[in-house]
Amino acid sequence: MIHRILAVLLLSSVAGGAFAQVNALPPTRHILVYGEAQARAIPDRFKIEVKFSVLDAKADVARAKVEDHLQDTISKLKQASVPNSEIVATSLQIEPENEYDQEQRKQVYKGIRVMRNLSARFADQAGLRKFLAALVTSQEVQVSGVSTELSSEPALKRQLRQKAIESTREKAEVIAKSYGVRLAGLYSVSDTAPQFSYGIVEGTWPTMYQWSAGGTLDRIELTGSAAAAAAAPESFQTGYVQFQDKIYAVFLIGD
C-alpha cells in the first residue's frame, strides 16, 4: 500500500512539473514575441597552429631537433611582429613508436617520437602572410591549422542583445496597435523559448535587424618557401563570421 501511495505521489509530482513548464505563459491575455538580431563580421585576429614531430633512434637527438625547429619558428614569428604574450608552446611529448610489418606480421620498433605544438596569434593578415612566406614546412614541421577571431566580439554581442530587446518591444507595440489594444506591461523575458501550451511551434521568423561589420572578403595564400614545401596548393580563406542573439518576451494586454 505504501509503495502505491509513493508511486501516485511521484506521478503527481512529474505531472505537476510538466504542467508548470507547459503553462509558463500567463493565463491572461498576452502577446508573445521574440526579437532577433544578427550580424556578420570579418575576423581581424588570426591564430596559427604549428606542429613539430621528430622520430629518431636517440631520444636526445629527436629532442634537440624539435627544440631547433621551435626556436627557428619563434624567431620567424617575432620577425612578423608577434609579441611573446601571443606565442604559446606545449611541453615535450616523448613516446616510442612502432609500425606493423606485414612480412614479419608483428610490430617493429621504429624509434623515439618527440613532439611539441606551438600556437601564435596575429593582429593582422599582413603579419600572418609574412610568417607563412618565411616558414619552411617539412615532415617534421607542419602547419596544422589557422583559425580566425574577432577582437570586438564582446562589444558586438552587447549590441546584438540591445537590438534584440528593442525588436521585442517594437513587435509587441505593432501587434497591439493593429488589434486595437495596448500593452499593459512586461510579464517575462528570457533568452530561452517558453513552452507553448496551445500547439504553436517556433519557426523561422524574419530577422528584424541585420548588418555587416568590416570590409570586403580577403584571401591569404601561401607563398615563397612555405608554398614550395606544400604537397598541394594551400590557401586560407577569411570569410564572414555570423553572430546572433534572440530574446523572448511576453507582454500582458490591457484594454
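To one decimal place, what Kirkwood hydrodynamic radius in Å is obtained for region 46-149 from all pairs of distinct Cα atoms?
By the Kirkwood definition, the hydrodynamic radius is 14.8 Å.
Hey, which of these cross-link pairs are over 19 Å Cα-Cα: 157/177; 58/106; 65/110; 157/246; 47/246; 51/106?
157/177; 58/106; 47/246; 51/106
For residue 71, what charge total do you get from the other residues with a beta carbon under 14 Å from its beta carbon, if Lys and Arg give +1 and Asp and Glu give -1?
+1
Need the full-extension length gain, residue 175 to residue 123, defined as separation in residues times 0.36 nm minus the C-alpha distance. One decimal, nm.
14.1 nm
If we count other beta carbons within 10 Å of each Cβ, what is the order of 70, 135, fewest first?
Result, fewest neighbours first: 70, 135.
Note down the nm distance, to one decimal, between modelled labels 7 Å out along Cα→Cβ at residue 28 and at residue 162.
Going by the 7 Å Cα→Cβ label model, 3.2 nm.
Using 0.36 nm per residue, how much length does the chain from residue 88 to residue 60 gain when fully extended, once their Cα-Cα distance is taken away?
Computed gain between residue 88 and residue 60 is 7.8 nm.
For residue 97 and residue 68 in the same chain, what is the full-extension length gain: residue separation times 0.36 nm, less their Cα-Cα distance, in nm?
Contour length minus Cα-Cα distance gives 8.3 nm.
Using alpha carbon centroids, what distance separates region 37-53 and region 101-135, in Å?
Rounded to whole Å, the Cα centres lie 20 Å apart.
Can you pull out the GluC sites (Glu not before Pro) in region 75-159 that DSSP calls coil and that have at most 12 other Cβ atoms within 10 Å?
Passing both the DSSP loop test and the Cβ count: 103.
If you keep only loop residues by DSSP, which chymotrypsin sites (Phe, Trp or Tyr not before Pro) in region 55-129 have at most 12 other Cβ atoms within 10 Å of their Cβ?
none
List the chymotrypsin sites (Phe, Trp or Tyr not before Pro) within region 124-200 that fall in a DSSP loop (any state other than H, G, I, E or B) and whose Cβ has at most 14 other Cβ atoms within 10 Å.
Hits after loop and neighbour filter: 179, 196, 198.
Each reported figure results from applying straightforward, stated rules to the coordinates on display, with no laboratory input. All figures in this text were calculated on a predicted structure; none of them were measured in a lab. Methodologically, a virtual Cβ is constructed for each residue, glycine included, from the backbone with ideal geometry; neighbour enumeration extends over all protein chains shown.
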